[in-house]
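Structure first, commentary second.
The values are calculated or read from the model by the stated rules, or taken from the named source; none is laboratory data. All of these numbers come straight from a predicted model, not from anything done at the bench. Cβ: placed from backbone, ideal geometry, glycine included. Neighbour counts: every protein chain shown.
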Amino acid sequence: MYPDFIGIGAQKAATTWLDHNLQAHPQIWVPPIKELHYFNDRINDPSNVALRLYRRVFVGKSAPERRWRSLGKARFKRHLKRFSKEDFLWDLKYYAGTPNDDWYASLFEPGRGNVVGEICPAYSMLEPDVVARVHELMPQAKLVFVMRNPIERAWSQVVMEFGTERAWSQAAMEFGNTENQVIDAMAEGKIRRFLQSEDSRLRTNYLRTLDNWGTFYPEEQIFVGFFEDVHFFPEELLRRLYGFLGVDPSFKPPHLDKKVSVRSTGTAPTGALGYLAQVYRDEIGQLHELFGGYTSFWLYCTERLIEKLPPDKRIPFPLWESLLWSEWESSGQPRLQSGPLSSVQLAS
C-alpha cells in the first residue's frame, strides 16, 4: 500500500500548513509524523535492530540522527499526555521496524480506504537514481511541490537553523532578546557559509527538483503550488489541490487561515537579502521565463535588492509585506496560479 501522493517540498514553503489541511480532509490519511524521511535517510539504515537503535539513540551525531531522537522524545511525551493505542503501535513500527520497501508501505495501512500520502521536503533534493526507485514503487503517485521566492526560502532557513543553536539564546540575552538583533550580531561569514552550503542550494534549486522528478513523472501528475497563494488564496489553493488528489474539493478545513510552524523575524537585513539576490539571480530569471506570475515578483525583488536598496537597512519580511509588493502589484493584480504543472500559466 504505497502512497497515492508525495509532498516533495520545498522546505520553508508552508509544507506544515499543507500537512495540517490534508489531515483535516475526511477522505485523506497522512501519517502522524509529517516527514518519514524514508527515501533520503531511513532507506540506508542497517537491518540489525540493535545496531540501528544504538546508532540513532546513543552515538549518532548527524542531523538526521539528531532529528530522529528529537522527534522520538516529542512523540513519547505526546503518548504520556494523550495515549492512543493505534498511534503507539504505529510509532513502534516506525521506530523499531526494519526500514525497507515493505516497512514503508505498511506505515500507510491505517489509511486503507482513503487517499494516503506523506510530505517530506527533503525529497526535493533526491538524486535521479533515488527518484527512479520511488517511481518504480509507485508510478501512479501524484507529486505536490510548493515553491517560494528563493531569496525568502533561503533566508527563512537561516532563521530556522541559527535559531536552534545554543549561541542563539546566549546572543539573545546579550543583544536585547530580539531575533532581529541576534541575527544582526551573527558573524556574517558564518551565515554566508551556510547559505553557500550544498544543503541550502539544493533545497532552493527548484529547476533541478522539477527536472529530476519530471524525468519520471508526467506533468499532469505534478502539482506546483506557490507560497504566495497560501497567503492570498488559501481556500482556492486547497480546492485545486483536493481536486488534483481526487477527493471532495468543496471541503473547507476548520482552521484554514491558521498559520502553522511560523518562525519569522518580521524584518530581514537588506544586505543578506541582496547577497541572496545575487546568488539566485540566474535561477529566478529562469523561473520567471518558465512560470511568469509570482515569479515576476521574485525577479522584481531580485533586481531591486541588487541595484536600489541600501545594504545596511531592514525590510519587512516576507517580502509581500514590503513596499516591493505594492510597487510590483501596480503593474498587475496577483491571481491564483497554483495547479498541475501541465496547466500552470506560463510566461508569454
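The number of residues in the stretch 20-35 being in contact with a strand residue (DSSP E or B) (Cβ under 7 Å, 6 or more places away or on another chain) and either modelled with pLDDT of 95 or more or β-branched (Val, Ile, Thr) (or both) comes to 6. For the stretch 308-341, a residue qualifies if it is surrounded by fewer than 18 Cβ atoms within 10 Å (Cβ to Cβ), part of a loop (DSSP other than H, G, I, E, B) and modelled with pLDDT under 90, and the qualifying residues are Lys308, Pro310, Pro311, Asp312, Lys313, Ser330, Ser331, Gly332, Gln333, Arg335. If you go through the stretch 67-88 and keep only what is within 24 Å of Met1 (Cβ to Cβ) and either of a type in the set (Gly, Ala, Ser) or at pLDDT 90 or above (or both), you end up with just Ser84.
Here is a yes/no grid of residues against (1) touching a residue at least 24 places away in the same chain (Cβ under 8 Å); (2) surrounded by 15 or more Cβ atoms within 10 Å (Cβ to Cβ); (3) touching a Pro at 6+ places or on another chain (Cβ under 9 Å):
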residue: Arg239; (1), (2), (3): no, yes, yes
residue: Asp248; (1), (2), (3): yes, no, yes
residue: Phe251; (1), (2), (3): yes, yes, yes
residue: Gly266; (1), (2), (3): yes, no, yes
residue: Gly271; (1), (2), (3): yes, yes, yes
residue: Gly274; (1), (2), (3): yes, yes, yes
residue: Tyr280; (1), (2), (3): yes, yes, yes
residue: Trp298; (1), (2), (3): yes, yes, yes
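In the stretch 197-232, the residue that is modelled with the lowest pLDDT out of those that are outside any helix (DSSP H, G or I) and over 15 Å from Leu18 (Cα atoms) is Ser197.
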